[in-house]
Amino acid sequence: MNKASKASRAEAEVLAELRPGQSVELLKELHILTREGRLNQDSRRKLKQVYHLFQFIEKLLREVPGEGAEASLADHGAGKSYLGFIIYDLFFKQGGAGHVYGIETRAELVEKSRALAARLGFDRMAFLNLTVAESATAAELPPRIDVVTALHACDTATDDAIAFGLAKQARFMVLVPCCQAEVAACLRETKALALSRTPLAELWRHPLHTREIGSQLTNVLRCLYLEASGYQVTVTELVGWEHSMKNELIIARRTGQRKASAAERLRELLEQFGLTSLLETRFRLA
Ligand SMILES: C[S@@+](CC[C@H](N)C(=O)[O-])C[C@H]1O[C@@H](n2cnc3c(N)ncnc32)[C@H](O)[C@@H]1O
């Protein structure tokens, strides 16, 4: 095979893996395609992962009235905003309506995302240099947001994203939590008392276990809080997300029915683990 036909075969292979109308330029910018517009083993895996997450979110967007054509989505702890860009490219670009907001504290990433969106003509994307907590009351965002995403938003940024979703009456929240240190710190503080009270405290006696159980407990508390706040929750694994140990996918769907039993369980768990102070900060029950 000569050089030219090799090149056109490689190009055909790449196009076969892309969706119709998908921006090759965007994929290059996100390093999903190489500079030459090719896929290598690494980037093929990356593309598969991104599609996998996109599929979950696309299904939810289609449930927003009007098949989601005018939906709004806020991505928290956006980083380089590759999730927001992919969603915009594959879902919002064609329709001519709908908005994607990326919220990120690192100013240089916000600037880069703004420049990339301008270059690609993605004019219904906005990038806000704010913390997740600040964004809940920021004038740049509408009073209601349909879908909230937070992919590996650091530490308590996931909790802030949940608070944001509640304030904006989000129809859906898609959360892949990162490590969380707040609950582990509280467990550490009350450890001696807990050990004197219950053998269960053995579960978090060793520092490594304090961190692990803190992280597990955090996600359990988040799920109960969402249920107590009118959401139906499913927890699955983000399969194929090999590059990260943190692959718990929490999807919350607004039903408006606050589950009293979840609120009760949340209170009981906080009590058992010596964490009732979180009722005044993280888990404010109605
Ligand atoms: C691990 S990165 C994940 C980025 C992106 N979501 C992804 O999955 O590729 C977490 C990002 O969240 C940002 N971040 C951390 N805490 C934040 C907060 N409280 N508000 C807004 N952004 C935050 C960090 O600057 C960082 O870019």
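Restricted to segment 140-156, and to residues that are free of Cβ contacts under 8 Å to residues at least 40 places away in the same chain and exposed (fewer than 15 other Cβ atoms within 10 Å of the Cβ), which residue is nearest to the ligand (Cβ to nearest atom)? If we take residues in segment 140-156 being free of Cβ contacts under 8 Å to residues at least 40 places away in the same chain and exposed (fewer than 15 other Cβ atoms within 10 Å of the Cβ), then GLU140 is nearest to the ligand (Cβ to nearest atom). Tell me, please, whether a residue that is over 17 Å from HIS76 (Cβ atoms) and more than 10 Å from the ligand (Cβ to nearest atom) can be found in segment 171-180. Checked segment 171-180: no residue is over 17 Å from HIS76 (Cβ atoms) and more than 10 Å from the ligand (Cβ to nearest atom).
Screening segment 1-113 for helices (runs of 4 or more DSSP H) wholly inside it with 3 or more residues that are touching a residue at least 24 places away in the same chain (Cβ under 8 Å), assigned by TED's automatic domain parsing to the domain that holds ILE162 and under 18 Å from VAL176 (Cα atoms) returns the ranges 41-63, 82-87.
Among the numbered criteria (1) more than 28 Å from LEU27 (Cβ to Cβ); (2) in contact with a strand residue (DSSP E or B) (Cβ under 9 Å, 6 or more places away or on another chain), which single criterion is violated by ASP159? Only one criterion is unmet by ASP159, namely (2).
Scanning segment 259-286 for residues that are surrounded by 19 or more Cβ atoms within 10 Å (Cβ to Cβ) and free of Cβ contacts under 8 Å to residues at least 12 places away in the same chain yields a count of 0. Are any of the residues in segment 139-150 in a helix (DSSP H, G or I) and touching a helix residue (DSSP H, G or I) at 6+ places or on another chain (Cβ under 9 Å)? No, because not a single residue in segment 139-150 is in a helix (DSSP H, G or I) and touching a helix residue (DSSP H, G or I) at 6+ places or on another chain (Cβ under 9 Å).
When the criteria are applied in full, LEU226 fails the requirement of being in the same structural domain as GLU189 (by TED's automatic domain parsing), touching a residue at least 60 places away in the same chain (Cβ under 8 Å), in contact with a Leu (Cβ under 6 Å, 6 or more places away or on another chain) and surrounded by 13 or more Cβ atoms within 10 Å (Cβ to Cβ).
Annotation: of all residues in segment 152-204 being over 25 Å from VAL235 (Cα atoms) and of a type in the set (Gly, Ala, Ser), the one that is nearest to the chain's Cα centre (by Cα) is ALA201.
Out of all the residues in segment 99-116, which are buried (at least 23 other Cβ atoms within 10 Å of the Cβ) and in contact with a Leu (Cβ under 9 Å, 6 or more places away or on another chain)? Hits for segment 99-116 are VAL100, TYR101, GLY102, ILE103, GLU104. Please specify each residue of segment 118-138 satisfying the condition of being part of a helix (DSSP H, G or I) and either away from the ligand (no atom under 16 Å from the Cβ) or not assigned by TED's automatic domain parsing to the domain that holds LEU30 (or both). Those that are part of a helix (DSSP H, G or I) and either away from the ligand (no atom under 16 Å from the Cβ) or not assigned by TED's automatic domain parsing to the domain that holds LEU30 (or both): ALA118, ARG119, LEU120.
Of all the numbered requirements in (1) surrounded by 16 or more Cβ atoms within 10 Å (Cβ to Cβ); (2) modelled with pLDDT under 95; (3) assigned to a helix (DSSP H, G or I); (4) among the hydrophobic types (A, V, I, L, M, F, W, C), ALA163 misses one, and that requirement is (2).
The values are calculated or read from the model by the stated rules, or taken from the named source; none is laboratory data. This structure is a prediction, so every number in the text was calculated from the model and none was measured. As a convention, Cβ positions derive from the backbone with ideal geometry for all residues, glycine included, and neighbour counts pool all protein chains shown.
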